[in-house]
Amino acid sequence: MTDRVIDSNNVNVVGKVHSSLVFSHEMYGEGFYSFDLQVARLSDYNDILPITISERTLVDKDIKVGTCVKIEGQLRSYNKYVNGSNKLVLTVFARDMSLNEEEEDVRNPNQIFLDGYVCKTPIYRSTPFGREITDMLIAVNRPYNKSDYIPCIAWGRNARFSEKLKVGDHIKIWGRAQSREYQKKLGEENVVTKVAYEVSISKMEIGENNNKEDKGAEKI
């Protein structure tokens with residue numbers, strides 16, 4: 001059961017440590033740290049992804065800003081109480097990390113696979129430049145009756161296809177984890193820049209047992 005759930009959420013990223021390690025929390029006597037990882041795209045843009053890692057994975061590793069590393073893990077979500085409301089927070093949970101001498105040698109430094117269920121009605125839209133986009137929220141089950149809720153974006157023909165999906169549909173997704181800046185207006189004059197984290201879909205397919213009840217396919 002555990003292996004099946006882990007196989008449903010796989011992330012592989014290679015990049016440079018972008019910020020210093022900061023203590024995050026402790027669970028069952030095990031300490032966890034967080035830092036940001038800069039991951040290059042094919043374009044000149046870099047994604048800055050939040051990483052969570054156990055102190056046990058950090059043993060014998062000299063990690064500092066600028067160090068090139070390869071991380072294998074899962075994209076996880078949790079709710080954080082901010083300003084009176086719950087906020088969905090994403091992080092790459094590192095199950096393994098190794099030093100990577102040359103970041104440039106990696107052909108695809110950002111890969112993710114998700115096997116989950118549509119848990120909110122997809123929203124189709126077009127950008128001012130005419131690009132078709134569909135926003136989805138995918139629930140991916142993991143052990144101990146927990147689920148991760150992952151925002152995903154489909155483009156072009158995938159956007160048109162995913163627009164027709166329904167809550168409860170079983171879907172498999174391949175793509176990359178990305179960061180995206182956006183501006184939010186607070187009041188009439190105050191505008192702040194924020195960062196959203198999501199999965200940009202490059203390939204998708206419908207899984208078996210489609211549109212069946214599942215613990216991860218609840219509306220939230």
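The values are calculated or read from the model by the stated rules, or taken from the named source; none is laboratory data. These figures come from a predicted structure and were not determined experimentally. For neighbour counting, all protein chains shown are included, and Cβ atoms are generated from backbone atoms with ideal geometry for every residue, glycine included.
Total residues in the range 86-98 satisfying the condition of being out of contact with any Leu (no Cβ under 7 Å at 6 or more places or on another chain) and under 19 Å from Phe32 (Cα atoms): the figure is 8.
Has the range 60-72 got any residue that is in a loop (DSSP other than H, G, I, E, B), loosely packed, with under 15 Cβ neighbours inside 10 Å and not assigned by TED's automatic domain parsing to the domain that holds Glu26? No, the range 60-72 contains no residue that is in a loop (DSSP other than H, G, I, E, B), loosely packed, with under 15 Cβ neighbours inside 10 Å and not assigned by TED's automatic domain parsing to the domain that holds Glu26. For the range 78-95, taking the residues that are surrounded by fewer than 19 Cβ atoms within 10 Å (Cβ to Cβ), touching a strand residue (DSSP E or B) at 6+ places or on another chain (Cβ under 9 Å) and of a type in the set (Ser, Thr, Tyr), the one that is modelled with the highest pLDDT is identified as Tyr78. Listed conditions (1) in contact with a Cys (Cβ under 9 Å, 6 or more places away or on another chain); (2) of a type outside the set (Lys, Arg); (3) touching a residue at least 40 places away in the same chain (Cβ under 8 Å); (4) buried (at least 18 other Cβ atoms within 10 Å of the Cβ) are all met by Ala154, apart from (1).
Per this entry, Ile53 is counted among residues that are without any contact (Cβ under 8 Å) to a residue 60 or more places away in the chain, within 22 Å of Val140 (Cα to Cα), out of contact with any Gly (no Cβ under 7 Å at 6 or more places or on another chain) and among the hydrophobic types (A, V, I, L, M, F, W, C). Just one of the listed residues (Ser126, Ser179) is without any contact (Cβ under 8 Å) to a residue 24 or more places away in the chain, of a type in the set (Gly, Ala, Ser) and surrounded by fewer than 20 Cβ atoms within 10 Å (Cβ to Cβ), and it is Ser126. Would you confirm whether any residue within the range 157-170 is in a strand (DSSP E or B), outside the structural domain of Ser8 (by TED's automatic domain parsing) and modelled with pLDDT of 95 or more? Yes, the range 157-170 has at least one match. Kindly establish whether Leu21 is outside the structural domain of Asn141 (by TED's automatic domain parsing), closer than 28 Å to Lys172 by Cα and at pLDDT 95 or above. When the stated conditions are applied, Leu21 does not pass them.
Out of the residues in the range 29-45 that are modelled with pLDDT under 95 and surrounded by 13 or more Cβ atoms within 10 Å (Cβ to Cβ), state the one that is farthest from Ser19 (Cα to Cα). Of everything passing the filter in the range 29-45, Arg41 is farthest from Ser19 (Cα to Cα). Looking at the range 49-56, is at least one residue closer than 17 Å to Gln111 by Cβ and part of a strand (DSSP E or B)? Scanning the range 49-56, I find at least one residue that is closer than 17 Å to Gln111 by Cβ and part of a strand (DSSP E or B), so the answer is yes.
Exactly one of these conditions fails for Asn141: (1) in contact with a helix residue (DSSP H, G or I) (Cβ under 8 Å, 6 or more places away or on another chain); (2) part of a loop (DSSP other than H, G, I, E, B). Give me its number. Just one mismatch for Asn141, condition (2).
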